[in-house]
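Participant: Okay, handing you the structure first.
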Amino acid sequence: MFTMAVPWWEFIVRGIIVYAFLLVFLRMTGKRNVGQYDPFDLILLLILSNAVQNSMNAGDNSLIGGLISATTLIVCHTLMAHLTFRSHWFSRVIDGKPLRLIDQGEVNEQVMRSELITTDNLKAALHAAGCLHTYEVEQATIETNGQITIVLRNRDSAAKDGDV
């Protein structure tokens, strides 16, 4: 239980490497947040956690090794939070930047494709904001956390400009 198969520092190095790899990999998959994950996204995350377990612990199942690995991940996460808070540049690299999905009722198809947002995802966000049509939207933005923020047009101007 307390005897480790590898030196303590190896747990730290392995944890940092795995954390960095997963950070880059998950950043490349888009901006969806946990509430927006489909079942297959959650399955991928669960399988990923199992897949990287052995790369982090080198086959060591000791209590101390597990605690060192867990502590390393928590420290990496906390450090990343501090760095993104303190540095605007680093925050842009790690979190990306908000992207406009709809501008004055016009959908930006390129952003939808790059962020893997389906028409159904966009419709659900519109419905949650209380509208049915894109012409009712002044602007819709996918935020860095994956949430879609919608600003509705003035109801009078939307009725004049849009197809009713």
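All of the numbers you see were taken from the coordinates with simple rules; none came from a lab. No experiment lies behind these values; they were computed from the predicted model shown. As a convention, Cβ positions derive from the backbone with ideal geometry for all residues, glycine included, and neighbour counts pool all protein chains shown.
Participant: Specify the angular offset, from 0 to 90 degrees and rounded to the nearest 10, of the alpha carbon long axis of helix 63-86 from the longest principal axis of the alpha carbons in the chain.
Facilitator: 40 degrees
Participant: Multiply the residue separation of V75 and D41 by 0.36 nm, subtract the distance between their alpha-carbon atoms, and state the gained length in nm to one decimal. It would help to have the intermediate numbers written out before the result.
Facilitator: On the way: separation 34, 0.36 × 34 = 12.24 nm, distance 2.55 nm.
That pair, V75 and D41, stretches by 9.7 nm at full extension.
Participant: Please turn the phi angles of the stretch 49-61 into ³J(HN,Hα) values with the Karplus equation 6.51 cos²θ - 1.76 cosθ + 1.60 (θ = phi - 60°), one per residue in order, whole Hz, x for glycine and proline.
Facilitator: With coefficients 6.51, -1.76 and 1.60, one gets 4, 5, 5, 8, 4, 5, 5, 7, 9, 6, x, 7, 10 Hz.
Participant: Here's another thing I want to ask about it. Put +1 on the Cβ of each Lys and Arg and -1 on the Cβ of each Asp and Glu in the stretch 1-155; which of C131, S49, W8 then has its Cα farthest toward the positive end of the dipole?
Facilitator: Final value for the positive-end residue is W8.
Participant: Here's another thing I want to ask about it. Report relative contact order for the chain in percent, whole number only (criteria: Cα-Cα under 8 Å, sequence separation at least 6).
Facilitator: Working: 170 pairs, mean separation 40.6, N = 164.
Over the chain, the number comes to 25 percent.
Participant: With charges set only on the Cβ (+1 for Lys and Arg, -1 for Asp and Glu), what does the dipole of the chain come to about its Cα centre, in debye to the nearest 20?
Facilitator: Working: 13 positive and 16 negative charges, 90 e Å.
About 440 debye.
Participant: Here are a few candidate values for Cα Rg over 2.2 N^0.38 Å: (i) 1.40; (ii) 0.98; (iii) 1.28. Which one was actually calculated from the structure I just gave you?
Facilitator: Recomputing Cα Rg over 2.2 N^0.38 Å here picks out (i).
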